[in-house]
Amino acid sequence: MTSNVTAVSYGLKLIPAELEQLRSLLTGHGAALQAETQAGDGRYGVHTADLALPDASAAGIPALRHAVAQHRQDGIDTAIVPAGLRKAARKFLIMDVDSTLIQQEVIELLAAYAGKREEVAAVTEAAMRGELDFAQSLHARVAVLAGLPADVVDSVRAEVKLSEGAAELVAAFKAAGHAVAVVSGGFNQILQPIAESLGLDYWIANDLEIVD
């Protein structure tokens, strides 16, 4: 059987014992190991396992992804990539922004200037647990920003830090001819300069209303 799925694992350090646990998990879910490669640049390690999955269907791949997610290992992330996607000549990468492209939650940085960072963080966590819908959580968090001076936006923009490897990821995708986009529940005033500096193809976020 030819490979139809690839498991891509990456982290600051790939521990052999943890990779062996991953192999056992994959084969335990019916995947046959076809080939493996391992590489790195001194900062990150990347391990790929080409697999033959008997049920590489719309149901089989999500089931394998769920199993891998449930077995999450500290410091290592694993993506289950269908062969068709990996071999596609042109790909489209879409990312979240807060705590993904960047290290922080922008609305919490803004809220800190109002002395409400912990309050806003609690609302964010409730939304992530599914206790609030997006609109409710956004309105609740933005409400605490009322009355802040406009120049706070500039201060927060200066505090934002890209996640480790984010710039390299975008550059590699762009160099390979792929398109990169980000979608954010945050604000264009913060996102646009980041998107332009990275050369992103598309980005979308909310506009934070600033009234004199």
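Students often forget the sequence filter, so: which aspartates and glutamates lie under 14 Å Cα-Cα from K116 once same-chain residues fewer than 8 apart are removed?
E105, E108
Taking the Cα atoms only, what angle lies between the long axis of helix 166-175 and the longest principal axis of the chain, rounded to 10 degrees?
Its long axis makes an angle of about 60 degrees.
Does anyone have the angle between helix 188-198 and the longest principal axis of the chain? Alpha-carbon axes, 0 to 90°, nearest 10?
Roughly 50 degrees, rounded to the nearest 10.
Could you tell me what % of all Cα pairs in the range 5-88 have separations over 17 Å?
42 percent
Expected output is a single nm value to one decimal: the length gained when fully extending between V46 and I15, i.e. 0.36 nm times separation in residues minus the C-alpha distance. What is it?
Contour length minus the Cα-Cα distance gives 10.0 nm.
Under 12 Å Cα to Cα from K174, which aspartates and glutamates show up? Leave out anything in the same chain fewer than 8 places away.
Counting by Cα, and skipping residues close in sequence, K174 has these aspartates and glutamates nearby: D201.
List the trypsin sites (Lys or Arg not before Pro) within the range 151-212 that fall in a DSSP loop (any state other than H, G, I, E or B) and whose Cβ has at most 10 other Cβ atoms within 10 Å. Don't skip to the answer; put the middle values down first.
Details: sites: R157, K161, K174; in loops: K161.
Counting only loop positions with at most 10 other Cβ atoms within 10 Å, the trypsin sites (Lys or Arg not before Pro) in the range 151-212 are K161.
With +1 on the Cβ of every Lys and Arg and -1 on the Cβ of every Asp and Glu, and nothing else charged, how large is the dipole of the chain about its Cα centre, in debye rounded to the nearest 20?
About 820 debye.
Collect residues whose amide H, placed 1.01 Å from N in the peptide plane, falls under 5 Å from the amide H of N206; neighbours closer than 5 in sequence don't count.
G186, F187, N188
Using square roots of five times the C-alpha gyration tensor eigenvalues, list the equivalent-ellipsoid semi-axes of the chain in whole Å, biggest first.
Largest first, the chain gives 38, 19, 16 Å.
Go through L22, G75, V5 and say which Cα lies farthest out towards the positive end of the charge dipole of the chain; charges sit on Cβ, +1 for Lys and Arg, -1 for Asp and Glu.
V5
Using the alpha-carbon atoms, what tilt in degrees (0 to 90, nearest 10) does helix 60-70 show relative to the longest principal axis of the chain?
Orientation of helix 60-70: about 60 degrees from the principal axis.
Given Cβ point charges of +1 (Lys, Arg) and -1 (Asp, Glu) and nothing else, what value in debye, to the nearest 20, does the dipole of the range 5-88 about its Cα centre take?
160 debye
If packing is taken as the average count of other Cβ atoms within 10 Å, what order do 103-112, 185-194, 59-68, 147-156 fall into, highest mean first? Could you put the intermediate results ahead of the total?
On the way: 103-112: 20.7, 185-194: 19.2, 59-68: 15.6, 147-156: 13.2.
Result, highest mean first: 103-112, 185-194, 59-68, 147-156.
Under a Cβ-only charge scheme (Lys and Arg +1, Asp and Glu -1), can you give me the dipole magnitude of the range 93-206 about the Cα centre, in debye to the nearest 20? List each step's numbers first, then the result.
Values: 7 positive and 16 negative charges, 23 e Å.
Dipole of the range 93-206, to the nearest 20 debye: 100 debye.
Could you check the simple spin-label distance between A135 and S197, using points 7 Å along Cα→Cβ, in nm with one decimal?
Modelled inter-label distance: 3.4 nm.
Only the coordinates and a few stated rules stand behind these numbers; no lab work does. Keep in mind it's a predicted model, so treat the numbers as computed, not measured. Every residue, glycine as well, gets a Cβ built from its backbone with ideal geometry; the counts of neighbours run over all protein chains shown.
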